[in-house]
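Student: Following this message is one structure expressed as C-alpha cells.
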Amino acid sequence: MPSVPVVSNVTQQMIERVSAMSKDWVGSGLSLPPALTERKWSFMFRFPVLVNKNRPRALLVKIARMQGMNLEQSVSHQSLIERTEREYKMLKAIEGVFSTPDKESKGFVYIRPLALFHDLNAIVMEELDCKPLKDYFSQMGFLSSNEQQDEFEFLLRRSAGWLREYHRGMSEPQQVALGEAGLREKLDAACRGLSRVIPAEKLRNIQKGILEAIGAVKNETIPFAMVHGDYHCSNIMVTPSHQVCSLDADFLRAPAYEDLAKFLIDLETRGLQTLLNGQYVRPSLVKRFQSAIEDVYFEDAEYNRLVLEIFITLALIYKWKIDEDVLNQSGMAQKIIRTLLAPWRRRYFSNLIQKRLETLGTLTSQQTNPGVGGLS
C-alpha cells in the first residue's frame, strides 16, 4: 500500500497551522493548547475561540484513525487519508446544499468545513452547538409528557425534511429500475449473518415472503440519489433553537429509500426499545412518529407502499445482523451482558420482522390483484 512519510510532532504542527489561520476563518484568536480527545475511529482536537459572540465556540480538527492506531500512524496511513478526502468532499457538498437562506428558514443547518490538511490527514471545521436527537428519544419513555412528545415529533419532521433536501440537493435524483437481483443480494447477505440464530425453516419463510414481494414490484422504478448511509437518531444533531443537521454521511449513490427505511426502523430498534421489548416508547407512539417522518419526506406525493415496506423489512433484518455482529465482536464483560440479553433482543427482532412480513403479504396480494386495492 502506498504511504506518505510519517509526520513528527503532529500536535505542534496542528497548533501552529490552525492558530495562524484562525483569524481568517472566524476573526478571532484561540485558547491554547487545544484539548485532544481520542475516539474509537478518530482523534479530535478542540480549539476554543477566545471571543465567541456570534462566532463558533471552538474549531475542531478531526483526524481519522483505525482502532488501536496512535496519532502518528493515523496521519500517515494512505487509506485513512483517502477516507478523509472523501469526508471533506462530502462536507463541502452538504455546505453547498444547506448554506442558502431558504434552507436556514426551514430549520436546517450544517457543519461548516474550513480546511483540509492533506499532510496531517485532518479536517478543520467549526464546532456546532448541538446534541444528538437520541437524547430527545431517551425522554420518550413511560412518563414522557405531551409537550415532550410533540417536541420530538417536531424534530423528527425537521429531520425528515433535512433528509429529503439532502437527497434532492446532493445530486439530481433519478428514477431507476428497482433491480431485483440487487435486492436479492442484500437479502442473502443479511440472512447469512443470521443463519446461526434463526431456525432454517423460519429463515426460509422470511426469505420467501420478501422474495414474493420483490417479484411483485420488479418492474417498478425507484428514486436513486446520493444517500447518507447512516441516518439515525445518533447521527442527527439538534441545536438549542431546534435546527437540525447530520454527521457521518457517505458519498455514494443508491436507492433513496434505504436512508428512509433506516431512519424509520431506528425508532423501533434503539437499545432501550430492544431491551424493553418495544415498550419503552409505546407502539402507538412509534407509529405516530413514523407517520410524521413519512408525511414530511414524501410531501403528500404518491409512492408505492410495498416498495418502501420491502426496504424497511430488509433494514430490520440487517439491523438484527449488526446486533449479532456486535455481540460476537464484544469484549469479555460486554459479551457476557449481551449474551444474557440476547434471547429478549432476538425475540423482539423476530416479532418485528414477522409483523412486517404480514404487511408485505397483504400489500403483495393487493399489488398482484389490483381489484383488491391497487397501489400507486
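The values are calculated or read from the model by the stated rules, or taken from the named source; none is laboratory data. Bear in mind that the values here come from a model prediction, so they are computed numbers and not experimental data. Backbone-built Cβ (ideal geometry, glycine too); neighbour counts: all protein chains shown. Accessible surface areas use protein heavy atoms only, side chains included; no ligands, DNA or RNA. Shrake-Rupley method; radii C 1.70, N 1.55, O 1.52, S 1.80 Å.
Student: One residue is enough: does the range 164-173 have a residue meeting the conditions within 30 Å of Thr100 (Cα to Cα) and touching a Pro at 6+ places or on another chain (Cβ under 7 Å)? Lay out the reasoning, then the answer.
Tutor: From the range 164-173, those within 30 Å of Thr100 (Cα to Cα) are 164-173; that's our starting set.
Filter once more, so that each one left must be touching a Pro at 6+ places or on another chain (Cβ under 7 Å): 167, 173.
Yes, the range 164-173 contains at least one residue that is within 30 Å of Thr100 (Cα to Cα) and touching a Pro at 6+ places or on another chain (Cβ under 7 Å).
Student: Here's a follow-up. Does Lys89 satisfy the condition of being surrounded by fewer than 20 Cβ atoms within 10 Å (Cβ to Cβ), in a helix (DSSP H, G or I) and touching a residue at least 24 places away in the same chain (Cβ under 8 Å)? Break it down into steps so the answer makes sense when it comes.
Tutor: Numbers: surrounded by fewer than 20 Cβ atoms within 10 Å (Cβ to Cβ): yes; in a helix (DSSP H, G or I): yes; touching a residue at least 24 places away in the same chain (Cβ under 8 Å): yes.
Against the criterion (surrounded by fewer than 20 Cβ atoms within 10 Å (Cβ to Cβ), in a helix (DSSP H, G or I) and touching a residue at least 24 places away in the same chain (Cβ under 8 Å)), Lys89 qualifies.
Student: Please enumerate the residues belonging to the range 273-292 that are touching a Leu at 6+ places or on another chain (Cβ under 9 Å), within 17 Å of Glu151 (Cβ to Cβ) and either open to solvent by 40 Å² or more (accessible area, probe 1.4 Å) or in a loop (DSSP other than H, G, I, E, B) (or both).
Tutor: Selection gives Val281 alone.
Student: Being closer than 22 Å to Lys131 by Cα and part of a loop (DSSP other than H, G, I, E, B) is true for just one of Lys62, Lys40. Which residue is that? It would help to see each step written out before you state the result.
Tutor: On the way: Lys62 fails: part of a loop (DSSP other than H, G, I, E, B).
Lys40 is the lone residue from the list that is closer than 22 Å to Lys131 by Cα and part of a loop (DSSP other than H, G, I, E, B).
Student: List, please: which pairs have Cβ atoms under 7 Å, are six or more places apart or on different chains, and start with a residue in the range 218-241 that is assigned to a loop (DSSP other than H, G, I, E, B) and end with one that is hydroxyl-bearing (Ser, Thr, Tyr)?
Tutor: Here the result reads His228/Tyr166; His228/Ser246; Tyr231/Ser246; Asn235/Ser246, each pair linking the range 218-241 to a residue that is hydroxyl-bearing (Ser, Thr, Tyr).
Student: Could you tell me how many of the residues in the range 280-326 are under 15 Å from Thr269 (Cβ atoms) and free of Cβ contacts under 8 Å to residues at least 24 places away in the same chain?
Tutor: Within the range 280-326, residues that are under 15 Å from Thr269 (Cβ atoms) and free of Cβ contacts under 8 Å to residues at least 24 places away in the same chain number 5.
Student: Then there's this: Hey, among Arg253, Arg338, which residue is assigned to a helix (DSSP H, G or I), at negative phi and either open to solvent by 60 Å² or more (accessible area, probe 1.4 Å) or in contact (Cβ under 8 Å) with a residue 12 or more places away in the chain (or both)?
Tutor: Arg338 is the lone residue from the list that is assigned to a helix (DSSP H, G or I), at negative phi and either open to solvent by 60 Å² or more (accessible area, probe 1.4 Å) or in contact (Cβ under 8 Å) with a residue 12 or more places away in the chain (or both).
Student: Out of the range 160-182, which residues are assigned to a helix (DSSP H, G or I) and modelled with pLDDT under 90? Give the steps one after another, and end with the answer.
Tutor: Of the residues in the range 160-182, the ones assigned to a helix (DSSP H, G or I) are 160-170, 180-182.
Within the range 160-182, Glu180, Ala181, Gly182 qualify.
Student: Looking at the range 165-176, can you tell me whether even one residue there is in contact with a His (Cβ under 7 Å, 6 or more places away or on another chain), of a type in the set (Phe, Trp, Tyr), surrounded by 13 or more Cβ atoms within 10 Å (Cβ to Cβ) and under 28 Å from Trp41 (Cβ atoms)?
Tutor: So the first thing to find is which residues in the range 165-176 are in contact with a His (Cβ under 7 Å, 6 or more places away or on another chain), and the list is 166, 173.
If we keep only those that are of a type in the set (Phe, Trp, Tyr) too, we end up with 166.
From what is left, the residues that are surrounded by 13 or more Cβ atoms within 10 Å (Cβ to Cβ) are 166.
Subsequent filtering for residues that are under 28 Å from Trp41 (Cβ atoms) retains 166.
Scanning the range 165-176, I find at least one residue that is in contact with a His (Cβ under 7 Å, 6 or more places away or on another chain), of a type in the set (Phe, Trp, Tyr), surrounded by 13 or more Cβ atoms within 10 Å (Cβ to Cβ) and under 28 Å from Trp41 (Cβ atoms), so the answer is yes.
Student: From the set of residues in the range 99-114 that are of a type in the set (Ser, Thr, Tyr) and in a loop (DSSP other than H, G, I, E, B), which is farthest from Val244 (Cα to Cα)? Spell out how you get there, then give the answer.
Tutor: First, the residues of the range 99-114 that are of a type in the set (Ser, Thr, Tyr): 99-100, 105, 110.
Still in the running and in a loop (DSSP other than H, G, I, E, B): 99-100, 110.
Values: Ser99: 13, Thr100: 15, Tyr110: 8 Å.
Per the stated criteria, the residue is Thr100.
Student: Here are the criteria: (1) closer than 22 Å to Ile265 by Cβ; (2) at pLDDT below 90; (3) open to solvent by 70 Å² or more (accessible area, probe 1.4 Å). Tell me which single one Arg157 does not satisfy.
Tutor: Looking at each condition in turn, Arg157 falls short on (2).
Student: Considering (1) surrounded by fewer than 18 Cβ atoms within 10 Å (Cβ to Cβ); (2) under 25 Å from Pro255 (Cβ atoms); (3) aliphatic (A, V, I, L, M), say which one Ala115 fails and leave the rest.
Tutor: Ala115 satisfies every listed condition except (2).
Student: Look at Val307 and say whether it is aliphatic (A, V, I, L, M), touching a helix residue (DSSP H, G or I) at 6+ places or on another chain (Cβ under 8 Å), open to solvent by 10 Å² or more (accessible area, probe 1.4 Å) and within 18 Å of His167 (Cβ to Cβ).
Tutor: Numbers: aliphatic (A, V, I, L, M): yes; touching a helix residue (DSSP H, G or I) at 6+ places or on another chain (Cβ under 8 Å): yes; open to solvent by 10 Å² or more (accessible area, probe 1.4 Å): no; within 18 Å of His167 (Cβ to Cβ): yes.
No; evaluated as a whole, the condition is false for this residue.
Student: Considering only the range 121-137, I want to know if a residue exists there that is without any contact (Cβ under 8 Å) to a residue 40 or more places away in the chain, part of a strand (DSSP E or B) and surrounded by 18 or more Cβ atoms within 10 Å (Cβ to Cβ).
Tutor: No, the conditions are met nowhere in the range 121-137.
Student: Taking the range 45-54 as the search range and keeping residues that are exposed (fewer than 15 other Cβ atoms within 10 Å of the Cβ) and in contact with a Ser or Thr (Cβ under 7 Å, 6 or more places away or on another chain), which one is modelled with the lowest pLDDT?
Tutor: Val51
Student: In the range 319-356, which residue that is aliphatic (A, V, I, L, M) and closer than 21 Å to Phe263 by Cβ is modelled with the lowest pLDDT?
Tutor: Filtering the range 319-356 for residues that are aliphatic (A, V, I, L, M) and closer than 21 Å to Phe263 by Cβ, the one modelled with the lowest pLDDT comes out as Val326.
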